[in-house]
Amino acid sequence: MNSQLPVYRQLTRNEFTGRVESLRKIMRFCRLCPRKCGVNRLAGEKGYCQARDKLEISSYGAHYGEESVLVGEGGSGTIFLTWCNLRCCFCQNQEISLLGQGRIVSIQECAEIMLRLQERGCHNINLVTPSHYAPQLVEAIFLASAAGLSLPVVWNCSGYENVEVLKLLDGIIDIYMPDLKYNQADTAKLLSNAPDYVVRSRESIREMYRQVGDLLVVNGLAAKGLLVRHLILPGKIEESLGILDFIAKEISFRTYVNVMSQYHPCGVVPADLNRPLFLTEYQKVVEKAVSLGLTRGLK
Ligand code: SF4
């Protein structure tokens, strides 16, 4: 088997449909994410994320603003999903994540979008904020795969994942791209109303790494593996330093980490977040990454 073929191409039809069925069952008493709302999404009920049973997307297209290993020449084939299970107060995409901008698409249409992105020359299918639609997206990957999709699929998520769900994505997702946002429960509670974020994100990243390992880059493009993003927050450098320690010491110093400095105030945020990041704050975090050997994702 060609190791550069996406992992889902090695799954049998029965395995695929079994995964879709198991994921749909989880929607019946929804625990697709750690919030475990328990609502019946299949009956149209809504939980914390506001998503229902139907897939909703806000936009899709070739995206050139992602990491260079995802973009190449043809761009990353992004599909922006509507709503979000984390709902951070500083979110830069509030129209989509909090206000629900988007439209309902059928699973078949979503599969066709994936194929269209492939035809357009994109290098991967990049599912942005996918966790609350895991069953529908896996079914769409299945349909697209049967029709010839052969691009790696990127699970571009907040890091606030349910490991039970991640295990059902094993052998389907090629590249996990979680955020790692917080290192302290108090901060996660204050900014995302998710005091268990640190515990859940760490166990999720361990599971993702178990499935896909360090990022494999072939001819300049990501083929498989883990890529972690971390947005530095103003005045919260200790969070960043703790996160980098965790990645280097408990995951792998070969982890591809994108340390991001582009925070700008958005939405209703606590006073200390109401400013952009200082250059000195960014430099301290980068120095720490270098000292830990986490250099793969540094610009
Ligand atoms: S995916 Fe949505 S409804 Fe399901 S547990 Fe998470 S927040 Fe609740």
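The values are calculated or read from the model by the stated rules, or taken from the named source; none is laboratory data. It should be emphasised that the depicted structure is a prediction, and the values quoted were computed from it without experimental measurement. Here the Cβ is made from the backbone with ideal geometry for all residues, glycine too, and neighbour counts use every protein chain on show. Keep in mind that these areas ignore ligands, DNA and RNA; they rest on the heavy atoms of the full protein, side chains included. Shrake-Rupley method; radii C 1.70, N 1.55, O 1.52, S 1.80 Å.
Quick notes on this one:
- Separation in nanometres of the label points that stand 7 Å from Cα toward Cβ, at Leu42 and Lys189: 3.6 nm
- When you restrict to C-alpha pairs under 8 Å that are six or more residues apart and normalise by the size of segment 7-292, the relative contact order lands at 16 percent.
- Working note: Debye formula, equal point scatterers on the alpha-carbon atoms of segment 101-207, no solvent; log10 I(q)/I(0) at q = 0.10, 0.12, 0.19, 0.23 Å⁻¹ is -0.33, -0.46, -0.95, -1.20.
- Approximate spin-label separation Glu203-Lys25, in nm, with each point projected 7 Å along Cα-to-Cβ: 2.0 nm
- Placing unit charges on each Cβ (+1 for Lys and Arg, -1 for Asp and Glu) gives segment 146-299 a dipole about its Cα centre, and among Leu241, Thr280, Pro195 the Cα reaching farthest toward its positive end belongs to Thr280.
- Of the Cα atoms belonging to segment 25-178, the radius of gyration and Dmax stand at 14.6, 43 Å.
- A crude spin-label estimate for the pair Lys54 and Val217, with each label 7 Å from Cα along the Cβ direction, gives 4.2 nm.
- Rg over Rh, two decimals, segment 7-292 (C-alpha only, Kirkwood Rh): 0.94
- Largest-first ordering by accessible area, 1.4 Å probe, given options Leu5, Leu226: Leu5, Leu226
- A Förster distance of 35 Å, applied to the separation of the beta-carbon atoms of Lys167 and Ala147, puts the FRET efficiency at 0.85.
- Take Thr295: with every protein chain present and a 1.4 Å probe, its accessible area is about 70 Å².
- Cleavage-rule hits (chymotrypsin sites (Phe, Trp or Tyr not before Pro)) in segment 247-286: DSSP loop, at most 12 neighbouring Cβ within 10 angstrom: none
- Relative to the globular-protein estimate of 2.2 N^0.38 Å, the Cα radius of gyration of segment 168-299 stands at 1.06.
- Accessible area per residue, Å², segment 7-292 with all protein chains present, probe 1.4 Å: 41 Å²
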